[in-house]
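The values are calculated or read from the model by the stated rules, or taken from the named source; none is laboratory data. All values reported here derive from a predicted model rather than from experimental measurement. Positions of Cβ are generated from backbone atoms using ideal geometry, with glycine treated the same way; all protein chains shown enter the neighbour counts.
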Amino acid sequence: MYSLRILTVLLCGLTSFIYAANTPANKEDKANQEGKKSAKQEAKNYNLRFAWWEPPAEIPDLYILSGNKYISVTPRVMSMSQEVGLNSDGSVDLLKKLVSTEKDNNGKPKESYEVYTSINLAQVESHDLGILLVPLRQKNVYGARVYDFSARGFPYGSFLAVNFSNSKIACTVEGSNFVVMPGTFGKSPKLFTTRTVASIGMTATEPNGTENQIVSTKVVFNESMRTIYFVIPTQGINKFDVRCIIDIDSNPAKSTDSKDNTEEPKSKSTKSKAA
């Protein structure tokens, strides 16, 4: 049996490691490097689509840093029309550009960037993501809500409910029922391949058991459209704010051949307040 001894190593004042006495230093270094490498998530290519739930009074100049390049991000209100490509290990900071009154050596205003909001891309198992920028309770502070926007996970002809509330949402789409838990999203099992005017219903069950019907309407479906309903809680008389994006496939033939369409979609939005 190999004899062991414990070496206490102070790393950033917090961490200690245990090493075997008979292990060569070069093997220890190699093992440590491999451990760090495996701990870091593998980088992937993402297609990101941003939208404002409600824009701030002053629209910030937003960017994403990709390598050494700043990529401009210009969200629209409840429209996922802009697509931004990014290679990321699963997280990204949305940056706000600041322009100073001070001049640089070339006589131009000095520019800097600060984090506007941080986004966890890895929370959704998809490379094609919708990112909704929603106002938080703090003044002029926005958070990012991420969901699957791929044609594979959310195919054309389907209905998606995205629940950003703390309530359970029971959904019915033309007799097809499903439940979306707090902080998640769910897709109707019913897929429409022909033009259909379907009845949509959504009922929220609050943590105290109170039920609120928040949607009762009819929606037109067909094989080249997909409908998203978002639910966010409010502090006013209306306990829930419900809004809708209808995404129209810009290349139906491509979507038929491949369920992972990456063409820029054309979308429109509607807004309703829950009673």
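Overview of results
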{"quantity": "Residue check for S165: farther than 28 Å from A57 by Cβ and either touching a Ser or Thr at 6+ places or on another chain (Cβ under 6 Å) or not assigned by TED's automatic domain parsing to the domain that holds I119 (or both)", "calculated": "no"}
{"quantity": "Near pairs, Cβ below 9 angstrom, 6+ apart or cross-chain, from region 101-115 (free of Cβ contacts under 8 Å to residues at least 40 places away in the same chain and within 20 Å of P60 (Cα to Cα)) to any residue that is surrounded by 10 or more Cβ atoms within 10 Å (Cβ to Cβ) and of a type in the set (V, I, T)", "calculated": "P109/V99; K110/V99; E111/V99; S112/V99"}
{"quantity": "Some residue of region 193-205 being surrounded by fewer than 13 Cβ atoms within 10 Å (Cβ to Cβ), modelled with pLDDT of 90 or more and in a strand (DSSP E or B)", "calculated": "yes"}
{"quantity": "Count - residues of region 48-97 that are in contact with a Leu (Cβ under 7 Å, 6 or more places away or on another chain), under 18 Å from Y147 (Cβ atoms) and polar (S, T, N, Q)", "calculated": "2"}
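Each row is one residue, and each column tells you yes or no for (1) in contact (Cβ under 8 Å) with a residue 12 or more places away in the chain; (2) assigned by TED's automatic domain parsing to the domain that holds L95.
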position: I131; (1), (2): yes, yes
position: T172; (1), (2): yes, no
position: S188; (1), (2): yes, no
position: R195; (1), (2): yes, no
position: I200; (1), (2): yes, no
position: T234; (1), (2): no, no
